[in-house]
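A quick write-up on the structure given underneath.
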Amino acid sequence: MTPPATIESHTISIIVDNEPGVLARVIGLFSGRGYNIDSLTVTETEQESHLSRITIVTAGTPMVIEQIKAQLERLVPVHTVADLTVQGASLERELALIKVIGKGEKRVEALRLADAFRARVVDASTGSFVFEITGRTKKIDQFISLMQELGLVEVARTGVAAISRGENGGNGTG
Amino acid sequence: MVIQALVDQGVVDVFGYPGGAVLPIYDALFQQDKVEHVLVRHEQGAVHAAEGYARSTGKVGVVLVTSGPGATNAVTGLTDALMDSIPVVCITGQVATHLIGNDAFQECDTVGITRPCTKHNYLVKDVNDLGRVLNEAFYVASNGRPGPVVVDIPKDVQFATGTYDVAKTVRHKTYQPRIKGDQHAIRAAVDAMTSARKPIIYSGGGVINSGPSASRLLRNLVEMTGFPITSTLMGLGAYPAAGKHWLGMLGMHGTYEANMAMHDCDVMICIGARFDDRITGRIDAFSPNSTKIHVDIDASSINKNVHVDIPIIGDCGHVLEDMIRIWKARSVQPDKADMKAWWDQIDEWRGRDCLKFEQPDDYIMPQYAIQRLYELTKDRETYITTEVGQHQMWAAQFYRFEEPNRWMTSGGLGTMGYGLPAAIGAQRAHPDALVIDIAGEASILMNMQEMSTAIQHKLPVKVFILNNEYMGMVRQWQQLLHGNRLSHSYMDSLPDFVKLAEAYGGVGIRAEKPDELDDAIKEMIAANGPVLFDCRVHKLANCYPMIPSGQAHNNMLLGDEPELQEVSDAGKVLV
Ligand SMILES: Cc1ncc(C[n+]2csc(CCOP(=O)(O)OP(=O)(O)O)c2C)c(N)n1
Ligand SMILES: [Mg+2]
């Protein structure tokens, strides 16, 4: 019978032909079948062979995750689909740009925290900072929530980029 | 170049409708005689005709339509072909490349609109890609799980000249579906089969799609194992209805014995079917105690609705071949006494005679009409298509299919208006065969205009209308689930089908009493041209057995116990 439905988060890495409409095809699959997208990044990674990597963080029951992978695999321009979460330890990084406005004590505190989180100041005026931070999603979430009290006004995040560790290629050779 | 690619793919028939954005292709069609064109009367009809052509031959059906409204009219047909896994290549015209995105006249985002209703689609912006893309389209449409492919060609690209050099069969660089099943899994499946006590084979359209040899292998497997077999609506004919292991169709309107056996079995061998909701009924009560084996070429079909124990990804034909080989090499066979007990149980269910009906003297029961149609046509090469509704289910229950590719019905999408154009496509492929669309009076009106296509191209299709003056299937649901409030399911102001046939230049025949039926059917068969047969049947007959939505297989309604237990609200929301 149907296994108990625990919702899991998975990071899925998809290598596709970089051709028009391919992203729409992948996104359309998720929206059309009611799957979640928690994060999405896309860019051409291998110019010569016109390949792009799409990294999607999604959530669902194990059965749904299996479906998502099988559905992705049968799209014609898809080369490989790798579930980095299943493959074990993988590297996941996100970059965020965070604008904070404030003066006095709050400004100092923001700088101090940024330092602790290894965020860099990439723009500054007398009343504002823009921090650049990279790291796992959780770390960025945490930094943002701390900045909330210190005058956070705007956030831009890239979404997760992920790759498998070690010698075995996730999508690549493996 | 388009024509060249079609010729290279062995295409002889194209179903289409012209317009501004495909005029260059039509011009090229005009100046050659290798590819013939069947002019339909509506682009939806072109796609269904291509489906009928494809399903009755195993070849790819080809469609040619214009941009904008031509393409949008084709969408229902494309969706239908996607749901039923039918190989179709649909070439659509598009406005010139420099106009794309400008809301030009008859522009629409064809690749955008058809993306979710095709297996794949292409917009060709460079004429030098055209040859490759067209050949690739045929490859994608017919390999793996088949489906419709759209190739959208802007008008300037149609006019342009470019280089065309592609090997006849292109293999796609990434799309290479798995054909051979995993040997370990097949061995595990055979293990489960040899130790089964209450096995059942449940086959589907995948066996038909795999080609006639898969049907032959399925028959071998059934003979060899002695297992009972049932099939989905899409799979009828793969195993002959006359075969002694045949339990009839399963599912919502399947037989009592097939559904009970599915419910009670201990090993289920699903071959080329997809555990669709019409088949499973209430999912948590679906065959609760069985080990499930699932053979499918599409990995995404596996574990989608029902958890299976032994998945085998591969082409049905190849997997069946391996199964048979491995079975033969085994010395252990299922226990004879167990199998006898299982067959005794099945015979007891069969004794329920779930399809029985009473045929009075003064009016025609729809079931009887199909029975007579079957008896009077069974010795010919007959192809049956249907529309959607009760008549479709009666056709599936009472027409007996002995061969694959003889039965074409819209299963996944349930498209009213499918049958007549599909019959036209089948007739085009089999000019000397008898092709009959078993229709309802409501459905037939959805693509009635294709009668004109049949006349023009001398395609003598017979439309056998079970006229109950109701959208019978809708009325049946309203009766059973909505307090018999027959909201808008009555067919008022119907045309006189006999006169209508004559208006098109065809033959009209009417039968109202059981004793006129045989002669009228014979007259239909003997007619040279297209026929509309207005078979007046009992208006309030219901289609049984029926598993109401949200119910389990062992909770079937049979015609003789008319009271329905209250259907839960959860059941009512299902369709
Ligand atoms: C295009 C389309 N619209 C609506 C439906 C819903 N529907 C399913 S069966 C049916 C009634 C069909 O009536 P008829 O063709 O007379 O067949 P009967 O059930 O009476 O045999 C309707 C409206 C459908 N399947 N397809
Ligand atoms: Mg009707």
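Of all residues in region A:22-46, those satisfying the criterion of being at the interface with chain B (Cβ under 10 Å from one of its Cβ atoms) and surrounded by 16 or more Cβ atoms within 10 Å (Cβ to Cβ) are A:R25, A:L29. The set of residues in region B:92-127 being free of Cβ contacts under 8 Å to residues at least 12 places away in the same chain, closer than 21 Å to B:F159 by Cα and within 14 Å of chain A (Cβ to nearest Cβ) consists of B:G101, B:D109. Of all residues in region A:133-174, those satisfying the criterion of being open to solvent by 60 Å² or more (accessible area, probe 1.4 Å), part of a strand (DSSP E or B) and modelled with pLDDT of 95 or more are A:T134, A:V153, A:E154, A:V155, A:R157. Look at region B:465-487: where a residue is in the same structural domain as B:L420 (by TED's automatic domain parsing) and a partner is among the β-branched types (V, I, T) and within 8 Å of ligand 1 (Cβ to nearest atom), sitting 6+ places away or on another chain with Cβ atoms under 6 Å, you get B:I465/B:I444.
From A:I140, A:I163, A:I144, which residue is closer than 30 Å to A:E73 by Cβ and touching a residue at least 40 places away in the same chain (Cβ under 8 Å)?
So the residue among A:I140, A:I163, A:I144 that is closer than 30 Å to A:E73 by Cβ and touching a residue at least 40 places away in the same chain (Cβ under 8 Å) is A:I163.
Considering region B:85-123, and only residues there that are more than 20 Å from the chain's Cα centre (by Cα) and of a type in the set (S, T, N, Q), the residue that is most open to solvent (accessible area, probe 1.4 Å) turns out to be B:N102.
Yes/no per residue for (1) under 30 Å from B:V306 (Cα atoms); (2) crowded, with 18+ Cβ neighbours inside 10 Å:
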site: A:E48; (1), (2): no, no
site: A:I68; (1), (2): yes, yes
site: A:L75; (1), (2): yes, yes
site: A:Q87; (1), (2): yes, no
site: A:V100; (1), (2): no, yes
site: A:V121; (1), (2): no, no
site: A:F131; (1), (2): no, yes
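Within region B:1-38, can you find the residues that are open to solvent by 50 Å² or more (accessible area, probe 1.4 Å) and hydrophobic (A, V, I, L, M, F, W, C)? If the condition is that a residue be open to solvent by 50 Å² or more (accessible area, probe 1.4 Å) and hydrophobic (A, V, I, L, M, F, W, C), then B:M1, B:V12, B:L23, B:F30 are the ones that fit.
Test A:D83 against the criterion of being among the acidic types (D, E) and surrounded by 16 or more Cβ atoms within 10 Å (Cβ to Cβ), and give yes or no. Before the answer, list the steps.
Details: among the acidic types (D, E): yes; surrounded by 16 or more Cβ atoms within 10 Å (Cβ to Cβ): yes.
Yes: the conditions hold for A:D83.
Restricting A:V160, A:V130, A:V153, A:V64 to those that are of a type in the set (A, V, I, L, M) and touching a Leu at 6+ places or on another chain (Cβ under 8 Å) reduces the list to A:V130. Would you check which residues across region B:53-75 are in a helix (DSSP H, G or I), buried (at least 24 other Cβ atoms within 10 Å of the Cβ) and touching a helix residue (DSSP H, G or I) at 6+ places or on another chain (Cβ under 6 Å) and list them? Matches in region B:53-75: B:Y53, B:S56, B:G70, B:A71, B:A74.
Tell me, yes or no, whether region B:170-185 has at least one residue that is in a strand (DSSP E or B), in contact with a helix residue (DSSP H, G or I) (Cβ under 8 Å, 6 or more places away or on another chain) and more than 12 Å from chain A (Cβ to nearest Cβ). No, region B:170-185 contains no residue that is in a strand (DSSP E or B), in contact with a helix residue (DSSP H, G or I) (Cβ under 8 Å, 6 or more places away or on another chain) and more than 12 Å from chain A (Cβ to nearest Cβ).
Selection within region B:447-460: residues that are surrounded by 23 or more Cβ atoms within 10 Å (Cβ to Cβ) and among the aliphatic types (A, V, I, L, M). The member of this set that is nearest to B:G417 (Cα to Cα) is B:M451. On inspection, B:A439 fails the criterion of being closer than 24 Å to B:R372 by Cβ, of a type in the set (A, V, I, L, M, F, W, C), at pLDDT 95 or above and surrounded by fewer than 24 Cβ atoms within 10 Å (Cβ to Cβ). Residue pairs whose Cβ atoms lie under 9 Å apart, sitting 6 or more positions apart in sequence or on different chains, and linking a residue in region B:386-410 that is touching a residue at least 60 places away in the same chain (Cβ under 8 Å) to a partner that is away from ligand 2 (no atom under 16 Å from the Cβ) and of a type in the set (K, R), are B:R400/B:K378; B:E402/B:K378; B:N405/B:R55; B:W407/B:R55; B:M408/B:R55. The numbered conditions (1) more than 24 Å from B:G77 (Cβ to Cβ); (2) crowded, with 19+ Cβ neighbours inside 10 Å are all true for B:R145 except (1). Scanning region B:124-142 for residues that are surrounded by 19 or more Cβ atoms within 10 Å (Cβ to Cβ) and either in a loop (DSSP other than H, G, I, E, B) or not assigned by TED's automatic domain parsing to the domain that holds B:A21 (or both) turns up just one, B:V124. Each residue in region B:286-313 was checked for being outside any loop (DSSP other than H, G, I, E, B) and more than 10 Å from chain A (Cβ to nearest Cβ), and 9 pass. Here B:D103 does not fit the description of being in contact with a Phe, Trp or Tyr (Cβ under 7 Å, 6 or more places away or on another chain) and not in a helix (DSSP H, G or I).
Residues are listed down the side, and each one gets a yes or a no for (1) away from chain A (no Cβ under 14 Å); (2) open to solvent by less than 70 Å² (accessible area, probe 1.4 Å); (3) within 16 Å of ligand 1 (Cβ to nearest atom):
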{"position": "B:Q476", "(1), (2), (3)": "yes, yes, yes"}
{"position": "B:G483", "(1), (2), (3)": "yes, yes, no"}
{"position": "B:D492", "(1), (2), (3)": "yes, no, yes"}
{"position": "B:D518", "(1), (2), (3)": "yes, yes, no"}
{"position": "B:E523", "(1), (2), (3)": "yes, no, no"}
{"position": "B:A527", "(1), (2), (3)": "yes, yes, no"}
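The criterion of being within 26 Å of B:V60 (Cβ to Cβ) and either open to solvent by 20 Å² or more (accessible area, probe 1.4 Å) or not assigned by TED's automatic domain parsing to the domain that holds B:G52 (or both) holds for B:A299.
Filtered by the rule that a residue be under 15 Å from the mean Cα position of the chain (by Cα) and either modelled with pLDDT under 95 or within 14 Å of ligand 2 (Cβ to nearest atom) (or both), region B:365-393 gives B:T386, B:E387, B:V388, B:G389, B:H391, B:Q392, B:M393.
Scanning region B:169-226 for residues that are within 21 Å of the chain's Cα centre (by Cα) and without any contact (Cβ under 8 Å) to a residue 40 or more places away in the chain yields B:R216, B:R219. Restricting attention to region B:228-249, the residues being free of Cβ contacts under 8 Å to residues at least 60 places away in the same chain and not in a helix (DSSP H, G or I) number 8. All of (1) open to solvent by 20 Å² or more (accessible area, probe 1.4 Å); (2) away from every other protein chain (no Cβ under 14 Å); (3) assigned to a helix (DSSP H, G or I) hold for B:L82 with one exception: (2).
Taking first residues from region B:336-347 that are assigned by TED's automatic domain parsing to the domain that holds B:A196 and partners that are modelled with pLDDT of 95 or more, the Cβ contacts under 6 Å between residues at least 6 apart in sequence or on separate chains come to B:D338/B:R197; B:W342/B:K198; B:I346/B:P228; B:I346/B:E257; B:I346/B:A261.
The values are calculated or read from the model by the stated rules, or taken from the named source; none is laboratory data. Please read these numbers as outputs of a predicted model, since none were measured by experiment. Quick reminder, even Gly has a Cβ in these numbers, built from the backbone with ideal geometry, and neighbours come from all protein chains shown. What goes into the accessible areas is simple: the full protein's heavy atoms, side chains included, and nothing from ligands, DNA or RNA. Shrake-Rupley method; radii C 1.70, N 1.55, O 1.52, S 1.80 Å.
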